[in-house]
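The next block holds one structure in the form of structure tokens; read it before the comments.
The values are calculated or read from the model by the stated rules, or taken from the named source; none is laboratory data. Owing to the predicted nature of the structure, the values given are computational and were not obtained by experimental measurement. Cβ atoms come from the backbone with ideal geometry, glycine included; neighbour counts cover every protein chain shown.
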Amino acid sequence: MRTLIVGLLSAGLVAVSANTSDAASKKYRRSYESHAEKYPSATPRQRQNAWAYDHPGHYYEMDSNAFPVGSSGWWEMKRLEGSDPPR
């Protein structure tokens, strides 16, 4: 009887620990993947800059080429560079 209880408790602890670590990684992944869905043709560098621009306090490059075309950061960099975006 003790062996059965110990086995069930250890299986429960393993299941709980696997669930919490998976949830933490999904939370971060979900926020970054939303930018990948918005800009499917963007490079990883461009997606990272778009994500950082949308989250205050994070570093992003001050170059319009470092952003996906059409993103809010791209428009802002084009404005700061003083160049007209292509139409």
> Can you name the condition, by its number, that SER25 falls short on among (1) modelled with pLDDT of 70 or more; (2) loosely packed, with under 13 Cβ neighbours inside 10 Å?
Replying inline: (1)
> What are the residues in the range 43-61 that are surrounded by 16 or more Cβ atoms within 10 Å (Cβ to Cβ) and hydroxyl-bearing (Ser, Thr, Tyr), if any?
Replying inline: TYR53, TYR60
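Please verify whether GLU33 is at pLDDT below 70, surrounded by 11 or more Cβ atoms within 10 Å (Cβ to Cβ) and assigned to a helix (DSSP H, G or I), treating the condition exactly as stated. Don't jump to the end; show me each part of the working.
Working: at pLDDT below 70: yes; surrounded by 11 or more Cβ atoms within 10 Å (Cβ to Cβ): yes; assigned to a helix (DSSP H, G or I): yes.
Answer is yes for this residue.
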